[in-house]
Amino acid sequence: MEEFNLQIKLKAKNQVEAGQVKKAFETMITTFGAEGIIKMEKIFRTDAFARNVVKMKIGVRK
């Protein structure tokens, strides 16, 4: 496997929040790897139940 550097633009409230997001991405990469993250995105995009469970857990109302 090759290693790639990805640059992702994200709006954050401040530098602290940006650092927290960076750490969250690092945790997802360590835990799930590239294939797991791709599968999570596909599930999130296609499964309304999974999407709603995640939204409830993180308190998003949209």
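The values are calculated or read from the model by the stated rules, or taken from the named source; none is laboratory data. These numbers were taken from a predicted model, which means no experiment stands behind them. Note that we place each Cβ from the backbone using ideal geometry, even for glycine, and neighbour counts take in every protein chain shown. Note: areas computed on protein heavy atoms with side chains; ligands, DNA, RNA excluded. Shrake-Rupley method; radii C 1.70, N 1.55, O 1.52, S 1.80 Å.
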Next item on the list: Sort out for me the Cα centre separation of the range 1-37 from the range 41-55, rounded to whole Å.
Entry: 19 Å
Next item on the list: Alpha carbons only, please: Rg and Dmax for the chain, in angstrom.
Entry: 13.6, 39
Checklist line | Solvent-accessible area per residue for the chain (1.4 angstrom probe, square angstrom) | finding: 103 Å²
Next item on the list: On the protein heavy atoms, probe 1.4 angstrom, tell me the percent of accessible surface of the chain carried by carbon and sulfur.
Entry: 60 percent
Next item on the list: Using a Förster distance of 30 angstrom, determine the FRET efficiency expected from the C-beta separation of Ala18 and Met40, and round it to 0.05.
Entry: 0.90
Next item on the list: Determine which lysines satisfy two conditions relative to Lys42: a Cα distance under 18 Å, and not lying fewer than 8 residues away in the same chain.
Entry: Lys55
